[in-house]
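The values are calculated or read from the model by the stated rules, or taken from the named source; none is laboratory data. As the structure is a prediction and not an experimental result, all values here were calculated from the model. Neighbour counts run over all protein chains shown; Cβ positions are idealised from the backbone, glycine included. For the accessible areas, the whole protein counts, side chains as well, though only heavy atoms, and no ligand, DNA or RNA atoms are used. Shrake-Rupley method; radii C 1.70, N 1.55, O 1.52, S 1.80 Å.
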Amino acid sequence: MDYKSSLIQDGNPMENLEKQLICPICLEMFTKPVVILPCQHNLCRKCASDIFQAANPYWTGRGSSVSMSGGRFRCPTCRHEVIMDRHGVYGLQRNLLVENIIDIYKQECSSRPLQKGSHPMCKEHEDEKINIYCLTCEVPTCSMCKVFGVHKACEVAPLQSVFQGQKTELNNCISMLVAGNDRVQTIITQLEDSCRVTKENSHQVKEELSQKFDTLYAILDEKKSELLQRITQEQEEKLSFIEALIQQYQEQLDKSTKLVETAIQSLDEPGGATFLLTAKQLIKSIVEASKGCQLGKTEQGFENMDFFTLNLEHIADALRAIDFGTDEEEEEFIEEEDQEEEDSTEGKEEGHQ
């Protein structure tokens, strides 16, 4: 809500105006010059200089012979980061409008009579204003309390001097807190950057790991296809051989069947002369056909395919042992084995000598 709507809503416009003219650092009304930040919030130049110095302790001020590149700090109202040039706070523009409003407000306040209750009054002496500070009890009080009251044995000091001291101390605390908040924000930014880089690195190594496993899958698929092709080739060769034997035996069977039929018909021939004309040749054909039983055969176990059995236990163990860093360990193990073999070879040569 801006100060105009606040003035309309509340009953006392001057009090609400005063709230709009309070510096968020010193908690007092803005003092000239008033600087305006890039985020449109206002600060006293001195307060802006204090938080700028707290956030940039090594920055060299005006008049120094050392040239600095500037610095940065965060607006205490909205936490917007303000980046300064080499002029520092003196490079910020003055808010003349706010300064004119402050002048008009102070003139209006000076023309109004002092209202009762505008200054804190003592609880023990209702007609006495609080005008001193008890250093012993660390509380503000009135002169009557010092002379006749509970603070007559205490050490006191002028209220204004204590007020300025504690105000300065509070201002320093605010500056330190603002600087601490900037450091915390810097740490948060660094941690957020770490999260982002961690995600990017994780994504990269995941991609690399996936590519390596895809390569292994491709090698396995290629090897699988090669071995299956060899089995298929062996299968086709054996089947071709067996089918050729089946064809030969089938042809021999057909011939034998026809000879049997012919021989049976010859036996039914009643005439001896007719029978003898064909009997000798028929007997010779039957004898030759009987020798056909000596055709080729398959050896025992011909149909077995045990030759293509694989023992992949050691490869399966190697796959199960895949882990991060194993490549370096395997290289070290191989180097140790090579060194042991070299030592053993040298020992044997010395023994022969």
Report summary line: Within the range 269-292, the residues whose backbone N lies under 13 Å from a label point placed 7 Å from the Cα of V260 along the Cα-to-Cβ direction are 290
Query raised in the report: Roughly how many percent of the accessible protein surface of the range 168-296 is carbon and sulfur, given a 1.4 Å probe and a whole-percent answer?
Result: 60
Requested in this report: Using +1 at the Cβ of each Lys and Arg and -1 at the Cβ of each Asp and Glu in the range 168-296, identify which of I174, T186, N201 lies farthest towards the dipole's positive end.
Outcome: N201
Query raised in the report: Could you name the lysines in cross-link range of K152, using Cα to Cα under 18 Å and dropping any fewer than eight places away on the same chain?
Result: K123, K129
Requested in this report: Quick one: accessible surface of C137, probe radius 1.4 Å, all protein chains present, in square angstrom to the nearest 10.
Outcome: 70
Report task. Rounded to whole Å and sorted largest first, list the principal axis extents of the Cα atoms in the range 174-243. Result -> 101, 10, 6
Query raised in the report: Counting only heavy atoms of protein chains, what accessible area per residue, in Å², does the range 168-296 have with a probe of 1.4 Å?
Result: 81
